[in-house]
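These notes are about the structure you will find just below.
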Amino acid sequence: MSLADKLAEERRARLAAERLLELKQAELSAANRKLGRHALALTKQIGETQAEVATVRDENAKVKSDLSQANEKIETAERRLWHSIQAFQDGFAFFDADSRLIGANTAYLNLFDGLEEAAPGISYMRILQILTDEGLVNTGEMKPDSWRAMMSERWLSMSPEPVVIQMWDDRYLRLIDQRGHGGDVVSLALDITTSVNYEEELRSARERAEAANRAKSAFLANMSHEIRTPMNGVVGMAELLNDTTLSDEQKLYANTIKNSGEALLVIINDVLDYSKIEADKLVLHEEVFDLERCIHEIVMLLQPTARDKGLTILVDYDLFLPTQFVGDPGRIRQVLTNLAGNAVKFTNEGHVTLRVTGISNPEEGTCAVHCMIEDTGIGIPVEKIDHVFGEFNQVEDERNRKFEGTGLGLAISRRLIELMKGEIWVESDEGKGSCFGFRIPLPIVEGSHAGTPKLPQSLRHILLVDYSTLNSEILQRQLMLLGVETTTADSVSDALSKMNDGIDLILSDHAISGGGGLELAQQLRQGGWPDAPMVMLCSNPHEYNATDIENLNIDLLPRPTPRGELFAKLESLGNGLLDKQDASAPAEDQPPQIEQPQLEMGQIDTDRTETQPGCADQTLEEAYAADNASAPPLPDPEPSGARQMRILAAEDNRTNQLVFRKMVKDLNIELQFANNGVEAVALYQSFEPDLVFMDISMPEMDGKEATGEIRKLEALTGRHVPIVALTAHAMTGDSDGILAAGLDHYLTKPLRKAVILERILQHVSEGFQEVETTSAA
Ligand code: ADP
């Protein structure tokens, strides 16, 4: 090859190498640029990662510090908890699910009297063993192994019942164990020695108190009885005395002895009953009795008082309820008399209704008899209603003092009803009335179940004439149940306007407006109804003239009438109508025979109304009036112009007024009575007495208050009338309160003539006529 060729070849090779170099350089710089970009991105990424790492590190540090704080808190809480547990006077321990002791406070461990084995790790069963083996626990009458068996069975139950154990040193521990979810058990051993001892003391104190109470009640029962016996003698002899030939004055004295004795007997009987119940000595004497009859007898007893007050007494005895039961009639009558007596006592207008219903239990042969006594009286304030069944609890305010009573009646009634396994209650609306009710289970007398009374077919429509809608309603309901149609009227004219041929019988009250039942009868007889059967119901049949009744051809029944008696009367009148129909019509359809299981009900002795307490009072009142009338003529006024000494006696009890009057009857004095404190203050002003005898317990305003009022009036006039307190409270200390109330002297009852005379003479002053005349005692 030529040189030129070689040179050319070399140049070409060099050129090619140069191009390659350029290419490689371009590639290199491109790669460099890429590398630069990567390095930049990487630096950025590293920066970010470093920031993240820093944050995480910070957070870690915070978590660490939080954790250690939390740990510290836990430790503090644990320490406190443990200190508290240690500070417990009572034992505290934890057991794991295998019943091994995890930990316990010193009080718990001390139970084991320093035994080293009693430490964490010991099992509960071993603890029981140690307790019995070492005699640490007093298992009483139980053998140690039975005790342990009982205790371990209890321990293993899901929720062990608390148990009381007695330790060797007479300490009592109540063990309370609580099982947790994981099987752990928390155990408490509470030292209840003090409360057990206290309970024991209380129990024995209560036993002593109950024994003392029983002894007191037995004593009271005996005492009441001891008083009752001679009192009966006093009352009985007074009655006998009355049957002998006596002057009017002697009769009056004998009657007063009898009435006062009877009043005292009522109180003593209450106390006696109450004491008997308290001393668990009251036994029920059960026998067959007629409840409806019993109720009607009670109504008759209360009728005179109710009549005087213008009250109506209604009886609503369930038509389908048997009347014969087995029970203690005396005690049932006592409860009913108390409730109905209270209803009459605390009602001034309206009515008192005795309702009797019952629910039979044929399987047991008993009936839950339900008696309710409703009144439209003064009612009982809500706040007092729970107290009225308590002993000596009366609704104590001004108004209550108007009413007499021991405050024992309802307490006795409640106890009697409880004794009969019944219940008693009251509902009341103050100012509107009260409803006392009781329910007692009474065995029914076999065969005495009341069938529905049936009335003759001749009685299809009855005209009921009554001023009381309630009474009409009761009768209407009863007659409706017997299939009899009723029309009601409330006055003579209303009844006459409703009379028509369809009415078979007239059942009328005696006290209807427009002239009364008698007037209605007259108008019916004179009008177009000469023969219409008419029954008149009246609370006191004796007030009517038998000839008038006969002439008017009407029948009288006492009100309220036992339903047996009423239906018997309706039946006989209905049968009379049938006879008339038979006489006038061909005998085709004979009336069905009447079935009247209740009709053999005994006749009630209506004469009883004549001998009621109200009537006895009446005698006293009459005697009192007669006594006033026959007061000895006063001596002529002395020419000197001297006047009689004026004496005011404030005394609410009429008998005591009479006694006082009799005691001073021979004295030449002018005597006036005030019936209560209000009247005493008024008479002090109008009568201007020279001496006042002031009873302390009086209605409306008592003697102390009245004296206070008088002393206030005297502060204005400068006068001072001597006031002598009369009181039945003879307890030591009573005089202090009385004298502090402004009274000058103090006399206790029973009053004695000589003492009264002495007081009067002590206050005679110049200008008075001579008080003691020759006849004075
Ligand atoms: P008391 O002998 O005072 O009547 P009770 O125990 O029978 O004693 O009654 C207690 C009190 O209950 C009465 O004093 C009276 O305040 C109240 N009370 C009883 N029955 C009635 C009633 N029907 N209406 C209003 N208050 C009544």
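Restricting attention to segment 184-226 and to residues that are open to solvent by less than 50 Å² (accessible area, probe 1.4 Å) and polar (S, T, N, Q), the residue that is nearest to G121 (Cα to Cα) turns out to be S187.
Within segment 455-474, if we keep just the residues that are at pLDDT 85 or above and outside any strand (DSSP E or B), the residue that is nearest to S513 (Cα to Cα) turns out to be D466.
Number of residues in segment 684-693 that are part of a helix (DSSP H, G or I) and either surrounded by 21 or more Cβ atoms within 10 Å (Cβ to Cβ) or within 38 Å of the chain's Cα centre (by Cα) (or both) equals 1. Mind checking whether some residue in segment 193-216 is in contact with a helix residue (DSSP H, G or I) (Cβ under 6 Å, 6 or more places away or on another chain) and touching a residue at least 24 places away in the same chain (Cβ under 8 Å)? The answer is no, given that none of the residues of segment 193-216 is in contact with a helix residue (DSSP H, G or I) (Cβ under 6 Å, 6 or more places away or on another chain) and touching a residue at least 24 places away in the same chain (Cβ under 8 Å). One residue stands out among those in segment 340-371 that are among the small types (G, A, S) and closer than 17 Å to L314 by Cβ: the one that is farthest from the ligand (Cβ to nearest atom), which is G350. Being at pLDDT below 90 and surrounded by fewer than 17 Cβ atoms within 10 Å (Cβ to Cβ), is that true of even one residue in segment 325-345? The answer is yes; a qualifying residue exists. Tell me, which residue of segment 275-285 that is open to solvent by less than 30 Å² (accessible area, probe 1.4 Å) and assigned to a helix (DSSP H, G or I) is nearest to T406 (Cα to Cα)? Within segment 275-285, the match that is nearest to T406 (Cα to Cα) is S275. Assess whether E430 counts as being within 30 Å of G327 (Cα to Cα), open to solvent by 20 Å² or more (accessible area, probe 1.4 Å) and either within 16 Å of the ligand (Cβ to nearest atom) or without any contact (Cβ under 8 Å) to a residue 60 or more places away in the chain (or both). Criteria not met by E430. Criterion first (open to solvent by less than 50 Å² (accessible area, probe 1.4 Å) and not in a helix (DSSP H, G or I)) does L252 satisfy it? For L252, the condition - open to solvent by less than 50 Å² (accessible area, probe 1.4 Å) and not in a helix (DSSP H, G or I) - is not met.
When residues in segment 727-753 are screened for being modelled with pLDDT under 85 and closer than 20 Å to F673 by Cα, 10 of them pass. Answer yes if at least one residue in segment 492-504 is closer than 22 Å to V315 by Cβ, surrounded by fewer than 17 Cβ atoms within 10 Å (Cβ to Cβ), basic (K, R) and touching a strand residue (DSSP E or B) at 6+ places or on another chain (Cβ under 9 Å), and no otherwise. Checking segment 492-504: not a single residue is closer than 22 Å to V315 by Cβ, surrounded by fewer than 17 Cβ atoms within 10 Å (Cβ to Cβ), basic (K, R) and touching a strand residue (DSSP E or B) at 6+ places or on another chain (Cβ under 9 Å). When you scan segment 42-60, do you find a residue that is of a type outside the set (A, V, I, L, M), closer than 25 Å to G182 by Cβ and part of a helix (DSSP H, G or I), even just one? The answer is no; no qualifying residue exists. Filtering segment 516-575 to residues that are under 49 Å from the mean Cα position of the chain (by Cα) and hydroxyl-bearing (S, T, Y) leaves S539, Y544, T561, S572.
Note on segment 286-332: residues that are more than 15 Å from the ligand (Cβ to nearest atom) and either without any contact (Cβ under 8 Å) to a residue 12 or more places away in the chain or in a helix (DSSP H, G or I) (or both) amount to 18. Within segment 69-92, is even one residue open to solvent by 50 Å² or more (accessible area, probe 1.4 Å) and in a loop (DSSP other than H, G, I, E, B)? Yes, the conditions are met somewhere in segment 69-92. When restricted to residues that are in a loop (DSSP other than H, G, I, E, B) and closer than 16 Å to R752 by Cβ, segment 639-672 contains 4. Mind checking whether some residue in segment 95-107 is surrounded by 10 or more Cβ atoms within 10 Å (Cβ to Cβ), in a helix (DSSP H, G or I) and not aliphatic (A, V, I, L, M)? Checked against the condition, which is being surrounded by 10 or more Cβ atoms within 10 Å (Cβ to Cβ), in a helix (DSSP H, G or I) and not aliphatic (A, V, I, L, M), segment 95-107 yields at least one hit. Answer yes or no: is there a residue in segment 97-114 that is touching a Gly at 6+ places or on another chain (Cβ under 7 Å), of a type in the set (A, V, I, L, M) and more than 25 Å from T193 (Cβ to Cβ). Yes, segment 97-114 contains a residue that is touching a Gly at 6+ places or on another chain (Cβ under 7 Å), of a type in the set (A, V, I, L, M) and more than 25 Å from T193 (Cβ to Cβ).
The values are calculated or read from the model by the stated rules, or taken from the named source; none is laboratory data. This one's a predicted model, so the numbers in the text were calculated from it and none came from an experiment. Glycine also receives a Cβ, built like all others from the backbone with ideal geometry; neighbour counts cover every protein chain displayed. Each accessible area value is taken on the protein alone, full model and side chains, heavy atoms only, with ligands, DNA and RNA left out. Shrake-Rupley method; radii C 1.70, N 1.55, O 1.52, S 1.80 Å.
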